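Q: Would you mind keeping the following structure in view while I ask a few things?
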Amino acid sequence: MRNYVHPGDTLDLTAPAGGIASGEGFLFGDIFGVAAMNAAEGAPVAVKVAGVFRLPKVAANGLTEGQKVYWHAAERKVTGTASGNTLIGHCTKAAAAGTADVLVRVSN
């Protein structure tokens with residue numbers, strides 16, 4: 001197939017205002033991904049858009065295994081609240097309220 005480019009689980013996107021750190025999640029337009037490296041604002045950055053990642057979550061939220069999770073762009077954290085947030089995947093291991101992070105299978 002001559003038009004095949006790559007598997008698509010890593011994309012080269014543009015680092016947001018303020019730059020991005022390796023392992024940080026971010027919403028690039030409608031694409032959610034996790035930076036594979038540090039990048040300064042406006043620089044190209046490799047972003048993983050599929051896989052399971054440990055991400056920060058809104059501490060007040062308790063999340064259950066298999067639950068849909070969303071990205072709260074202003075806080076740059078995972079939440080269980082759909083309203084005003086973007087669906088990024090599913091919780092793969094329950095995370096109690098009060099915990100700082102959650103395992104998420106990212107799927108765009």
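Q: Just give me the residues in the stretch 13-63 being of a type in the set (S, T, N, Q) and more than 19 Å from G80 (Cα to Cα), in sequence order. Let's see the steps before the verdict.
A: Taking the stretch 13-63 and keeping what is of a type in the set (S, T, N, Q), we get 14, 22, 38, 61.
Answer for the stretch 13-63, where residues must be of a type in the set (S, T, N, Q) and more than 19 Å from G80 (Cα to Cα): T14, S22, N38.
Q: Criterion first (at negative phi, surrounded by 16 or more Cβ atoms within 10 Å (Cβ to Cβ) and of a type outside the set (V, I, T)) does A39 satisfy it?
A: Details: at negative phi: yes; surrounded by 16 or more Cβ atoms within 10 Å (Cβ to Cβ): yes; of a type outside the set (V, I, T): yes.
So A39 fits the description; yes.
Q: Considering only residues that are in a loop (DSSP other than H, G, I, E, B), closer than 13 Å to L27 by Cα and open to solvent by 40 Å² or more (accessible area, probe 1.4 Å), which ones fall in the stretch 44-100? Walk me through it before giving the result.
A: Of the residues in the stretch 44-100, the ones in a loop (DSSP other than H, G, I, E, B) are 49, 58-62, 64-67, 73-76, 80-85, 92-94, 96-100.
Going one step further and asking which of them are closer than 13 Å to L27 by Cα, we end up with 49, 73-76, 85.
Those that are in a loop (DSSP other than H, G, I, E, B), closer than 13 Å to L27 by Cα and open to solvent by 40 Å² or more (accessible area, probe 1.4 Å): A73, A74, E75, R76.
Q: Can you tell me which residues in the stretch 1-36 are of a type in the set (A, V, I, L, M, F, W, C), assigned to a strand (DSSP E or B) and open to solvent by 50 Å² or more (accessible area, probe 1.4 Å)? Show your work before the answer.
A: We begin by selecting, within the stretch 1-36, every residue of a type in the set (A, V, I, L, M, F, W, C); these are 1, 5, 11, 13, 15, 17, 20-21, 26-28, 31-32, 34-36.
Now drop any that are not assigned to a strand (DSSP E or B), which leaves 11, 13, 20, 26-28, 31-32, 34-35.
Within the stretch 1-36, I31 is the sole residue that qualifies.
The values are calculated or read from the model by the stated rules, or taken from the named source; none is laboratory data. Because the structure is a prediction, the values reported are computed rather than measured. Because the Cβ atoms are built from the backbone with ideal geometry, glycine has one as well, and the counts that use them run over all protein chains shown. Remember, those area values only see protein heavy atoms, side chains included, never the ligands or the DNA or RNA. Shrake-Rupley method; radii C 1.70, N 1.55, O 1.52, S 1.80 Å.
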